[in-house]
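The values are calculated or read from the model by the stated rules, or taken from the named source; none is laboratory data. No experiment lies behind these values; they were computed from the predicted model shown. Neighbour counts are summed over all protein chains in view; Cβ atoms, including those assigned to glycine, are modelled from backbone coordinates with ideal geometry.
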Amino acid sequence: MGDSTGIEWTESTWNPTTGCDRTSPGCDNCYALTLAKRLKAMGTDKYQADGDPRTSGPGFGLTLHPDTLQLPYRWRRPRVVFVNSMSDLFHPEVPLDYIARVFQVIEETPQHTYQVLTKRSRRMREVAHHLPWPSNLWMGVSVETSKYLFRIDHLRDVPAAVRFVSAEPLLGPLGEVNLKGIDWVIAGGESGPGARVMEIGWGRELRDQCNAAGVKFFFKQWGGRTPKAGGRELDGRTWDDRPAVPPSAAAI
């Protein structure tokens, strides 16, 4: 079985790699690093090796897990899968041939829908022509402030069937966003201890641009230490739009 998840916009997670390091301000309160430390303390095998103390600290070094590549073939029911919730598939320490193997698994299991999200958009674009891009693969980039809008430009250059943007944690106004070629935008505030505040105007501005461009908009949460307490409503309603999942992958 794939790991179940509380992430509102997906159904399962699959981690062919674990480990990462900071690349932009959205990483400062990384939930994956906190979880990795907890899992390592509990003796979870994937988090036994120490990481590089110059980057993410003990317990979160980049590690490949080729033993997990067979998992999707064994899933009996179709599902929507977030790939690498505990890592970044386009991290520079992930070999290109390993990324290609992950993409091959995706291509060979068309009954599932896979969501890949990266902050390493430059590498994603650079290696895109070496990879298969099956129709069941959704490719996304994280954009937390206007400084990182270039990641959306990189995303437009890859031949993904569905392209999406995760503006979470949204740490500032994005301003005018070029949504050409983008199918879906997820927005939300930061959660957990030390969470930074998301202002309502930032969410409204992004929602309104999505509506004007015909791009599906999903508002995940306001955030804070207890994000569920803040709720998911923006201007009196929830926003749960997302691209259509093929019927074979929706029957969970």
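Things to note:
- Residue match in region 160-176 (condition: in contact with a helix residue (DSSP H, G or I) (Cβ under 8 Å, 6 or more places away or on another chain), crowded, with 17+ Cβ neighbours inside 10 Å, within 22 Å of THR10 (Cα to Cα) and of a type in the set (Gly, Ala, Ser)): yes
- Extreme residue, surrounded by the fewest Cβ atoms within 10 Å (Cβ to Cβ), among residues of region 137-159 that are touching a residue at least 40 places away in the same chain (Cβ under 8 Å) and hydroxyl-bearing (Ser, Thr, Tyr): THR145
- Taken over region 160-182, the residue count meeting the criterion of being outside any loop (DSSP other than H, G, I, E, B) and free of Cβ contacts under 8 Å to residues at least 60 places away in the same chain is 4.
- Matching entry among ILE186, ILE152 (being hydrophobic (A, V, I, L, M, F, W, C), in a helix (DSSP H, G or I) and under 23 Å from VAL80 (Cα atoms)): ILE152
- On inspection, PRO243 passes the criterion of being in contact (Cβ under 8 Å) with a residue 60 or more places away in the chain and closer than 18 Å to PHE82 by Cβ.
- All conditions but one from (1) touching an Asp or Glu at 6+ places or on another chain (Cβ under 9 Å); (2) buried (at least 20 other Cβ atoms within 10 Å of the Cβ); (3) not in a loop (DSSP other than H, G, I, E, B) apply to SER85; the one that does not is (3).
- Residue tally, condition β-branched (Val, Ile, Thr) and outside any loop (DSSP other than H, G, I, E, B), over region 124-149: 2
- Test: LEU62 is of a type in the set (A, V, I, L, M), at pLDDT below 95 and either under 13 Å from THR17 (Cβ atoms) or surrounded by fewer than 16 Cβ atoms within 10 Å (Cβ to Cβ) (or both): yes
- Residue check for GLU126: at pLDDT 95 or above and either among the hydrophobic types (A, V, I, L, M, F, W, C) or within 25 Å of LEU206 (Cα to Cα) (or both): no
- Region 193-226, subset farther than 13 Å from GLU168 by Cα and at pLDDT below 95, residue surrounded by the most Cβ atoms within 10 Å (Cβ to Cβ): ARG225
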